[in-house]
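To start, the structure under review is shown below, and the notes come after it.
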Amino acid sequence: MTKDEILDVLKTNLYEIIPELEDEEFSVNEKLVDLGLNSIDRGELITLTLESLDSDVSRIEFVKAQTIQELADVFIEKV
Amino acid sequence: MAAIEVSGCGAITPIGLGINAFKDALKNGNGNFSIQEFTHGDALFQFPAALIEPFDLKQKIAELELPEDVSKKARRYRNISLGTSYAIYCALEAWKNADLFNTAIDSERIAIIAGGSNTQLQDSLDIHQKYNEKMKFMNPNHAMNLFDTDVNGVLSELLNIRGEGYSVGGASASSNVALVHAQRLLSAGLYDAILVVAPMINLSLFEYQSFSNLGAMSLLSDELSPSELCRPFDNGHRGFVYGQNTGCILLETAESAAKRSRQNKIAIVGGGNSLDANRNPNPSVEGESRAITNALQSADLEPGLVDYINLHGTASALGDETELNAVKMSGLKPQYANSTKSLIGHGLTAAGLTEAIATIIQMEEGFIHQSNNMTDPMASELNFPTEGAVQADISYALSNGFGFGGINTSILLENLSQTKK
């Protein structure tokens, strides 16, 4: 899977969690907190994306990722 | 006990979404019973039920015309149970009707009490089934919404409530227990207002079938339509029919209401609870009568002054007969009685609160709604309107709620516009 494809999956799941973002311009380099994701939303975004990719990378691997881009980097490296 | 006033109500019932629609349906005596179907493996299971008509909750919340930040936040909640989502609407409607968006109360002087336990049964089952084959992807939100108090968290966040909050259970008397408890806290001066909420208990096939196998729930019939199956106080009674009910009442001390220039008509002036020392579903005349008497004594009111009783009346043969005897034993001689369950089914944990709202509406509007399906009424001294609503000036009303495990409750409401004339 390419990084662009993973970014698309992340965005689709992000829209599921915060539908309003679909109508907004935002950068994949913005912090998740600034996009309106609390810690539960963040956990859900990771779980939904693992589910979409049928992968079971440990949640611990994502601890330092603070943006969509950084999450995608972990997925590319570990999946 | 001091008068604790009803400042606002909200309701979602099978016969009306919102208080005004519920009011109109009560006046017209509309019931709304249909068939709930489940497939389990290759088998089809069917049960009679009073179901909330499908509707667009976000649209309905938008129609309340609330402050935009509250409305937007309310519409954004996800991963919450159906009962909690309905409770959001009811709480917002009660808050609006209590004028609390305009005249605030100190947030630390408001509490939330939710009536009911294990209300999210179908919601939990859906989660179990969805993740059964992919456990490692289990939705983390389940860890929050599995608690009955998720509704307290949601409503406290939405309405900035910072007093105490929890859920109380009492089987089918749960939300009457919640009302009695709220009235006690307010009477003790601990809060200025309490939001009492009863989220719908969302039954799954497992609960429908267990109530049926227990013999408590009415089965479908070839001879009778679904609307004819719920027959409280009729000799043809066949057991209860489940009803999807959600309600919310904002109770407030008279002092706080006066400060906000509220002209409330209805007050909860008494409440009584009792136990039968019995684990089983069967009721007790003595226990029910004791709850009624406790309610009257807490308000220092003579039983002869009660004009109307909203009976628990589930349409269980033994339950209805026991309640009629308990009413008699308590010395009550009301002008009228009825069973709201004959219109909206049995809301189980939410029944007490929804029926309290039905009682409040009838007192405010001066009518008694008809009791349906009483074609062969049980012998009693009570007067049930059966041919349309009747006009009545009610000064004092009782609303009963009884639950499995010998839990008996009764609340006493006063119509201030009648008694303070």
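The values are calculated or read from the model by the stated rules, or taken from the named source; none is laboratory data. Given the structure is predicted, the values throughout are model-derived calculations rather than measurements. Cβ atoms come from the backbone with ideal geometry, glycine included; neighbour counts cover every protein chain shown.
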Kindly check whether there is at least one residue in the range B:198-212 that is in a strand (DSSP E or B) and either within 25 Å of B:Leu353 (Cβ to Cβ) or not polar (S, T, N, Q) (or both).
yes
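Has the range B:96-115 got any residue that is within 15 Å of B:Asn245 (Cβ to Cβ) and out of contact with any helix residue (DSSP H, G or I) (no Cβ under 7 Å at 6 or more places or on another chain)?
No, the range B:96-115 has no match at all.
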Specify the residue that is farthest from B:Gly31 (Cα to Cα); the eligible residues are those in the range B:48-70 that are touching a Leu at 6+ places or on another chain (Cβ under 7 Å) and buried (at least 18 other Cβ atoms within 10 Å of the Cβ).
B:Val70
Six or more apart or on different chains, Cβ atoms under 7 Å: show the pairs whose first residue is in the range B:48-61 and in contact (Cβ under 8 Å) with a residue 60 or more places away in the chain and whose second is in a loop (DSSP other than H, G, I, E, B) and surrounded by fewer than 17 Cβ atoms within 10 Å (Cβ to Cβ).
B:Pro48/B:Leu220
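Conditions (1) aliphatic (A, V, I, L, M); (2) farther than 20 Å from B:Ile411 by Cα, marked per residue:
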residue	(1), (2)
B:Pro334	no, no
B:Leu343	yes, yes
B:Gly347	no, no
B:Ile361	yes, no
B:Ser380	no, yes
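Specify which of the listed residues (B:Leu51, B:Leu44, B:Leu17) is more than 30 Å from B:Pro385 (Cβ to Cβ) and hydrophobic (A, V, I, L, M, F, W, C). Spell out how you get there, then give the answer.
Details: B:Leu51 fails: more than 30 Å from B:Pro385 (Cβ to Cβ); B:Leu17 fails: more than 30 Å from B:Pro385 (Cβ to Cβ).
Sole residue among the options that is more than 30 Å from B:Pro385 (Cβ to Cβ) and hydrophobic (A, V, I, L, M, F, W, C): B:Leu44.
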Note on the range B:177-204: residues out of contact with any helix residue (DSSP H, G or I) (no Cβ under 8 Å at 6 or more places or on another chain) and more than 20 Å from B:Ile407 (Cβ to Cβ) are B:Leu186, B:Ser187, B:Ala188, B:Gly189, B:Leu190
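Among the residues that make up the range B:369-383, is at least one of them without any contact (Cβ under 8 Å) to a residue 60 or more places away in the chain and over 22 Å from B:Ser289 (Cβ atoms)? Steps first, answer last, please.
Here is the first cut: in the range B:369-383, the ones without any contact (Cβ under 8 Å) to a residue 60 or more places away in the chain are B:379, B:381, B:383.
Subsequent filtering for residues that are over 22 Å from B:Ser289 (Cβ atoms) retains none.
The answer is no, given that none of the residues of the range B:369-383 is without any contact (Cβ under 8 Å) to a residue 60 or more places away in the chain and over 22 Å from B:Ser289 (Cβ atoms).
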What's the number of the only condition in (1) over 18 Å from B:Ile411 (Cβ atoms); (2) assigned to a loop (DSSP other than H, G, I, E, B) that B:His312 fails to meet?
(1)
Quick one: what pairs do we get from the range B:303-318, first residue on the phi > 0 side of the Ramachandran plot and crowded, with 24+ Cβ neighbours inside 10 Å, second polar (S, T, N, Q) and part of a loop (DSSP other than H, G, I, E, B), C-beta under 6 Å, 6+ apart or different chains?
B:Gly313/B:Ser339
Filter result (within 14 Å of chain A (Cβ to nearest Cβ), among the polar types (S, T, N, Q) and within 25 Å of B:Gln244 (Cβ to Cβ)) within the range B:120-145:
B:Asn139, B:Asn141, B:Asn145
Per the filter on the range B:171-188, residues assigned to a helix (DSSP H, G or I) and aliphatic (A, V, I, L, M) are B:Ala171, B:Ala173, B:Val177, B:Ala178, B:Leu179, B:Val180, B:Ala182, B:Leu185, B:Leu186
Under 8 Å by Cβ, and 6 or more places apart or on different chains, what pairs join a residue from the range B:392-421 that is under 21 Å from B:Ala3 (Cβ atoms) with one that is at pLDDT below 95?
B:Asp393/B:Gln418; B:Ile394/B:Gln418; B:Ser395/B:Gln418; B:Ser395/B:Thr419; B:Tyr396/B:Thr419; B:Glu414/B:Ala3; B:Leu416/B:Ala3
Could you grab me the full set of residues in the range A:8-22 that are aliphatic (A, V, I, L, M) and within 12 Å of chain B (Cβ to nearest Cβ)?
A:Ile17, A:Ile18, A:Leu21
How about the range B:118-164: which of its residues are touching a Ser or Thr at 6+ places or on another chain (Cβ under 7 Å), closer than 19 Å to B:Glu207 by Cα and surrounded by fewer than 17 Cβ atoms within 10 Å (Cβ to Cβ)?
B:Leu125, B:Leu146
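Taking B:Gly271 as the residue in question, decide whether it is among the small types (Gly, Ala, Ser), surrounded by fewer than 20 Cβ atoms within 10 Å (Cβ to Cβ) and not in a loop (DSSP other than H, G, I, E, B).
Numbers: among the small types (Gly, Ala, Ser): yes; surrounded by fewer than 20 Cβ atoms within 10 Å (Cβ to Cβ): no; not in a loop (DSSP other than H, G, I, E, B): yes.
The answer is no for B:Gly271.
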Do we find that B:Tyr89 is within 14 Å of chain A (Cβ to nearest Cβ) and not basic (Lys, Arg) in this structure?
no
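Would you mind listing the helices (runs of 4 or more DSSP H) fully within the range B:69-161 where at least 1 residues are in contact with a strand residue (DSSP E or B) (Cβ under 7 Å, 6 or more places away or on another chain) and closer than 25 Å to B:Asn20 by Cβ? Break it down into steps so the answer makes sense when it comes.
Details: elements: B:82-97, B:121-131, B:142-145, B:150-159.
Fully inside the range B:69-161 and qualifying: B:82-97, B:150-159.
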Enumeration of residues in the range A:8-48 that are under 10 Å from A:Thr67 (Cβ atoms) and among the small types (Gly, Ala, Ser)
A:Ser27
Run down A:Glu25, A:Glu70, A:Glu5, A:Glu77 and say which single residue is more than 14 Å from chain B (Cβ to nearest Cβ), not in a helix (DSSP H, G or I) and not hydrophobic (A, V, I, L, M, F, W, C).
A:Glu25
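What number of residues within the range A:36-67 satisfy the criterion of being outside any helix (DSSP H, G or I) and more than 10 Å from every other protein chain (Cβ to nearest Cβ)?
Let us first name the residues in the range A:36-67 that are outside any helix (DSSP H, G or I), namely A:36-38, A:54-58, A:63-67.
From what's left, more than 10 Å from every other protein chain (Cβ to nearest Cβ): A:37-38, A:57-58, A:63-67.
Of the residues in that region, 9 qualify.
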Pairs, please: C-beta under 7 Å, at least 6 apart or cross-chain, first residue more than 15 Å from B:Phe33 (Cα to Cα) and modelled with pLDDT of 95 or more and in the range B:221-239, second surrounded by 20 or more Cβ atoms within 10 Å (Cβ to Cβ) and of a type in the set (Phe, Trp, Tyr)?
B:Phe233/B:Phe384
